[in-house]
Amino acid sequence: MQTPIANLFIVAAPSGAGKSSLINALLQRADEGLMVNPAQLSVSHTTREKREGEQDSVHYHFVSKSTFEDMIEQDAFYEHAKVFDNYYGTSKAAIADKLSQGVDIFLDIDWQGARQVKELDPSVISIFVLPPSKDELNARLVSRGSDSDEVIQKRMQQAQNEMSHYHEFDYVIVNDNFTHALEELITIVKASSLTANKQEQRHAPLIKSLLQE
């Protein structure tokens, strides 16, 4: 089986670090044709309740706990994890299909999911986003206005544990200045698509003609 030209990326971070905003901004660049490959965010399955403004099959595939557990039994997930008492998982079939089409896929998952994916596919490119400080992280969570003080406190406690796993990732971005953080993310993604192996596949006819005697 030929290695796909596209790449599978993991972007993980504690809640409030800005990973979703960074991924969305990069995807916008890809939509404008400014990246090497087309790019999409993987749509995960989850058992959590739908939030205001979210759409099924767009933000998540919202399923019941029993349905999710049936899918686990069927080995249908690339990775899955339980976070804040809810399940999250990524379909194996969906990722394989998009990669085969030359589309870069981004997984917005936590360190537990990242560990599972890397065990199955060591070639995955993993990126961890850190906040500039705990005070700033707390301020960002508060500014959302969507969580209670109790939930925010729980998220801050969880963030400490999540950030301790940064060293398991290939790259680390500190999201202090959003523009700078986005440029760093773009640099990682573009460089990953310009390796000799990827370019050999992408430009096989050209390379063959250049090397002919």
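Quick check on this structure: which one of ARG140, ARG155 is in contact (Cβ under 8 Å) with a residue 12 or more places away in the chain, under 20 Å from ILE23 (Cβ atoms), in contact with a Leu (Cβ under 8 Å, 6 or more places away or on another chain) and charged (D, E, K, R)?
Just a single option satisfies the conditions, and that option is ARG155.
Can you give me the number of residues within region 118-132 that are polar (S, T, N, Q) and at pLDDT 95 or above?
So the count comes out to 1.
When region 156-183 is examined, which residues are found to be crowded, with 17+ Cβ neighbours inside 10 Å and assigned to a helix (DSSP H, G or I)?
Scanning region 156-183 gives ALA159, GLU162, MET163, ALA181, LEU182.
Which residue, of VAL103, VAL129, VAL189, is touching a Phe, Trp or Tyr at 6+ places or on another chain (Cβ under 8 Å) and under 23 Å from VAL43 (Cβ atoms)?
So the residue among VAL103, VAL129, VAL189 that is touching a Phe, Trp or Tyr at 6+ places or on another chain (Cβ under 8 Å) and under 23 Å from VAL43 (Cβ atoms) is VAL189.
Cβ-Cβ distance below 7 Å, separation of 6 or more or different chains: which pairs start in region 52-74 with a residue that is on the phi > 0 side of the Ramachandran plot and end on one that is of a type outside the set (Gly, Ala, Ser) and surrounded by 15 or more Cβ atoms within 10 Å (Cβ to Cβ)?
Listed pairs, sorted by first residue: SER57/VAL43.
Which of the residues spanning region 106-116 are modelled with pLDDT of 90 or more and surrounded by fewer than 20 Cβ atoms within 10 Å (Cβ to Cβ)?
Scanning region 106-116 gives a single hit, ARG115.
Step by step: first the residues of region 56-76, then only those that are in a loop (DSSP other than H, G, I, E, B) and of a type in the set (S, T, N, Q), then the one that is farthest from ASN86 (Cα to Cα). Which residue is that?
Result: GLN74.
State whether the residues of region 133-151 include one that is surrounded by 15 or more Cβ atoms within 10 Å (Cβ to Cβ) and under 19 Å from the mean Cα position of the chain (by Cα).
No: zero hits.
Only one residue in SER57, SER148, SER126 is more than 25 Å from LEU22 (Cβ to Cβ) and either in contact with a helix residue (DSSP H, G or I) (Cβ under 8 Å, 6 or more places away or on another chain) or polar (S, T, N, Q) (or both). Which one?
From the options SER57, SER148, SER126, the qualifying one is SER148.
The values are calculated or read from the model by the stated rules, or taken from the named source; none is laboratory data. Keep in mind the model is a prediction, meaning the values are calculated, not measured. For neighbour counting, all protein chains shown are included, and Cβ atoms are generated from backbone atoms with ideal geometry for every residue, glycine included.
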